[in-house]
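Structure in C-alpha cells, see below.
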Amino acid sequence: LRGYGSDAEKAAAAALATGTMFSSSERSLSQAARDGVVIYPHPLQEYASDAVRILCDLAKEDKEISLRVAAVTGLGASLLAVPSSILAKDEITMIQQELVSLSTQIAVNNEANGGASCSNAQYEYACSRVIGSALGRCLARKAEEVSSIARAGCVFDDNEDTASTISNQVFPAMIESAASPAGGGEGGDDGSKRHDVIALANACEVGGQISSEQVVSGLLSSVLQKLTTVEDTSAAQSGNEHPAVAPAKALSYVIRNGGNGPAVAFHETSSNKEASRDVIEALCTYKDKEGRNTTNRQVGMSKLVLPNEIEREGKDAAHQIDLAYQILPHILPAYGNDAPVPLATLQHIIVSVSKVMPPLSQRDNVRVSVMLPLVAAILGNSLMQQSARDDEMGASIFDQLEAMAVSVADYSLCYDWDPRARSSASSCLFLILLHYQRDKAKCIDHVISEDCISAVGQCIKGNCEEGTQRSLESLRSSLDLCAVVGSAAACRGGVSSQTADAVTRFLVELACKGETQAPFAEIPTTLVKDSTCIEPSAQHDLQLMAASSFGLMISVQNGGAFWRQRMVHNALPSILAMNASNKAAEAGPLSAMSGPPIGALVVACHVVCCTPLVVIGEQRTKELINMIARGFVEFANAYANTDTNEPNKSSSHFGGWNDLMSGLLASMLKFFSVSPDAVMPYIAGLIPNLLVVCNSSSREGDVPCQLLALQCLVAVTRLPSAHRICKANKLTVSSGLGELMDHPSLILRQAAVETRNTWYILE
C-alpha cells in the first residue's frame, strides 16, 4: 500500500486487502474481549496511522473511480478496528473531515451525483456503508446496553470529538437529505437507489435499538412536519407529489432493511409512538378554505350547510384521501410483515374506526379511508394473530372485530366510497372471518354472506331497471365480496364450511346458467328468473363476473390442505353438466364441435389452473380437457375473423378476449405437462389454432396470449405420443411463425425464434 506508485490496480487491491486485515483483527480482538483477555500493545499500532493517511489520500476526487471505491471500502473496515489511542490528533481530525466529505457525496442536493454511472453508484454505495457504520456506532456509544457488549473499541466509540461531529453534523444532514425528494428521478419508490437512506438503514443495523430510535424519530418528525404545513398540502392538491412522501419512503426502507430495531422503535418508544399517532391523525385531518382543521368542525341539525359547500367539502376530502394514499403505503411496513405491533395499538385503531363506521360525513369518510389499510395490515400480521390469541386483551379485541365485521362488509358494498378504502375493507373482512372468530363452534360469515347475496339480488334488479355502468360495477363488487366471504369461510373450515359450500354453488350456477337459487333464504328465491328483463350483453357480463368472482375465491393462498378440494367437488357437477348439454359427437373433428357456454368455460379454467389435477380425478380431467379444447378452438376461430384494429375484441367490459384466451392457454399448458395422454386426441386440432393465436395481432395487449401460445407449441413437441403429428405439421408451424420475426416486442421475437428452432430440429 505504501509503495503503490502510479499503479492504480495494485493500489486498489492493497486497499481492499488492508481493510480485510483490519477487519479480521477487529473480530479477533472482540473475541478476546469476550473471553476476558486484554491484548497490549494493540496489534495494529504499527500500521494504523499510515493506513488511515494513505486510504484517505486514495479516496480523493483526483483518483480513478475504481481506486476511490476500494479506498473507501478499506477505510470503512479500518476505522471500525482502530481505537483513537493509537492515532495522532491530526489523523483523527483527518478522519472527521473525510467522513463529512463522504456524507456530502451521498446527499441528494450534491450536484456531483447527477447522472451517476455504474462505477459512481458503486462509490456512493461504499460511502453509504462507511457513513452508516459511523452513524450506528456514534449514536449508540453512550447507551448502557452498548457499553455492556464486549467488543474491540474504535475511533467512533472512544473519541468524543469524532462522535460529536458524526452525531451533530453528519446525522442531521443525512436526515435532511433522506427527507428531500431525489433530483433527476434517481430515487426509487422503495429507497433502493437513495444512498443516504441506505446509510440510515445501515446505521440502525449496526447501532441496534438506540440508533434505530433516533433514526426513526428523525424521519417521523420530518413526515409530521411536512404534513402539517399548509403550503405543502396545497401543493399536493395541485397534483404534485407531497413533500412528506420522501421521508415516508425513507422510513419504509429503514424499517424493511434496518434489522429488527426500527420496527420495535416505531411502536415501543413512547416519543415515536406519539409521533406515529400524530402522523395518522394528520392524514385524517384536512383544512377547509379558511385553513381551519375539519376535526373541530361542528355537525348536526343546527348547522346549515349549503349545497356548494357540501360539494367543496367533498372535493377537499377526496384530495386528503389522495394525499393519505401517497403516504400510507410507506407506513404500512411498520404495521404488517411480522412487525412487533402492540395489542394496544390495534385496539386504539379499532376503537377509532368503530366510532365513525358507517361514515356520516366527509370527515368520517377520510378517517375510515385512512384507518382501514392500517387495520388490514395489522390483522394480516402473524405475530399479531398469535398474541391476540394468547394475551388477555385479545378477548376484547376479538369481540370488537366481530362486532365491526358487518359494518365493514356494508362499507365495502357501498359504491359511493373510495374504491381503495373499500378494497382495504374487504381485506379486513377476510382476515376477521378467517383469524379473529373466537368461538370455533359459531360463525358470523353466514350472516355476512346472506347480506352479500341479498345485495347481488338488489343489484340485478337495479340493472334490469337502469342498465347503467354504475349498476354493473355495484353488481361486480357484490359478487367479489361474496367470494371474499366464501373463501374466508372455506379456509377457516369447521362450521364455516357450509357457508363456503353455499357460496360456491351460488357463484358457479350463476356463471354457468345465468340464474340460481339464493342460498340462506327462508323462501326459495331464484335470481334472474325472468332473463328477458336483462339485455343479452348484461347477461353475458353477469355470467363472466360470477365466474371471475369464483376465480377470486378458489385462488386464495391460505387455510388448510383440503378446502380447495371440497370447493372443486361442489363446483364440478354444474360445470360438467353444461359441458354434457353442449357436447358434439366425439367422433367428429375438433373444429366442428360447438364450444360450451362462456361462463362455464371460464369457471373450468379457474378450476384447472388453481387445483392439482389429481384432486379432480382422471375421468373428470378428460371431460374438462374436452370442454376447454372445444372452447379454445371456437374462440380462436372467432378471433381470427375479428377486425384486429378494434380496441376491444369483446364487446363486454368485463370479459375481454385476452382474459379468456389466457385462461384457456394456461389450462392447456398444464394439461400438456401433467396429463399428456388425455390431451393427445386433440393435438391435431389444437396446433393450427395455436398458430392462429400466435399470428393474431401486433398489438402490445396481445403479447401475453401469444407467448402462452408459443409455450404450448413447444410443449407439444415434448409429448412422446405426438411425434408423428408434429412431423406432419413441421413445415406449417415453421413457416407460420415467420410473421412473428418482425413483431415490435423483443421478448416475443425471441420466444418465436426459440419455438421455430424447436420445430425445425424435429426428426
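The values are calculated or read from the model by the stated rules, or taken from the named source; none is laboratory data. Here the structure is a predicted model, which means the values were calculated and not measured. Cβ placement follows ideal geometry from the backbone for every residue including glycine, while neighbour counts extend to all protein chains displayed. Heavy atoms of the whole protein, side chains included, go into the accessibility calculation; ligands, DNA and RNA do not. Shrake-Rupley method; radii C 1.70, N 1.55, O 1.52, S 1.80 Å.
Which percent of the accessible heavy-atom area of region 683-734 goes to carbon and sulfur, probe 1.4 angstrom?
57 percent
Take the Cβ-Cβ distance between N558 and E241 as r, set R0 to 22 Å, and report the resulting FRET efficiency rounded to the nearest 0.05.
Taking R0 as 22 Å, the efficiency between N558 and E241 is 0.05.
Let me ask you something else. Please give the length that would be gained between D677 and K355 if that part of the chain were fully extended, namely 0.36 nm times their separation in residues minus their C-alpha to C-alpha distance (nm, one decimal).
Full extension from D677 to K355 adds 109.9 nm.
Here is a further query. Between Q225 and K315, what length comes free when the chain is fully extended (0.36 nm per residue of separation minus the Cα-Cα distance, one decimal in nm)? Show your work: numbers first, answer last.
Values: separation 90, 0.36 × 90 = 32.40 nm, distance 2.38 nm.
Extending this stretch completely gives an extra 30.0 nm.
With unit charges on the beta carbon (Lys/Arg positive, Asp/Glu negative), name the residue among L708, M680, A751 whose Cα is farthest towards the positive pole of the charge dipole of region 667-763.
The Cα lying farthest towards the positive end belongs to M680.
Still on this structure, please answer the following. Report R363's accessible area, 1.4 Å probe, all protein chains in place, as a number in Å² to the nearest 10.
60 Å²
Continuing with the same structure: Local charge sum around A12 (other residues, Cβ-Cβ under 11 Å, Lys/Arg +1, Asp/Glu -1)?
0
Separate question: Could you work out how far apart the two model spin labels at S24 and S423 are, taking each label as a point 7 Å from the Cα in the direction of the beta carbon, and quote it in nm?
Taking the two extended label points, one gets 5.3 nm.
Across the Cα atoms of region 667-724, what radius of gyration and what greatest pairwise Cα-Cα distance (Dmax) are found, in Å?
11.7, 35
With r as the distance between the Cβ atoms of K730 and N570 and R0 = 60 Å, compute the FRET efficiency 1/(1 + (r/R0)^6) and round to 0.05. All intermediate terms of the calculation are to be shown ahead of the outcome.
Numbers: r = 44 Å, r/R0 = 0.74.
In this case the efficiency is close to 0.85.
Something else about it: In a shell of Cβ-Cβ distance under 11 Å around N272, excluding N272 itself, what net charge do Lys and Arg (+1) and Asp and Glu (-1) give?
Working: positive: K273, R277; negative: E213, E268, E274, D278.
Computed value for this residue: -2.
Put +1 on the Cβ of every Lys and Arg and -1 on every Asp and Glu Cβ in region 349-415; which of S369, S382, V408 then has its Cα farthest towards the positive end of the dipole?
S369
Further, regarding this structure: Can you tell me the equivalent ellipsoid semi-axes for region 321-455? Use √(5λ) from the Cα gyration tensor, largest first, whole Å.
They are 22, 20, 12 Å, listed from largest to smallest.
Compute the length gained on full extension between A441 and R277: take 0.36 nm times their separation in residues and subtract their Cα-Cα distance, giving the result in nm to one decimal.
Difference between extended and current length: 55.3 nm.
Let me ask something additional. Mind grabbing the accessible area of T611 for me, 1.4 Å probe, Å², rounded to tens?
T611 exposes around 0 Å² with every protein chain in place.
Sticking with this one: Which whole-number percentage describes the relative contact order of region 1-94, with Cα contacts under 8 Å and a sequence gap of 6 or more?
41 percent
According to a simple spin-label model (label point 7 Å from Cα along Cα-to-Cβ), what is the distance in nm between E160 and A684?
Placing both labels 7 Å along Cα→Cβ, they lie 9.5 nm apart.
For the residue pair D742 and V692, what label-to-label distance in nm results when each label sits 7 Å from Cα along the Cα-to-beta-carbon direction?
Computed distance between label sites D742 and V692 equals 2.4 nm.
Continuing with the same structure: Over region 300-379, with every protein chain in place, what whole percent of the accessible area is carbon and sulfur at 1.4 Å, could you tell me?
58 percent
Suppose R0 equals 60 Å. What FRET efficiency, 1/(1 + (r/R0)^6) with r the Cβ-Cβ distance, do E618 and R470 give to the nearest 0.05?
0.85
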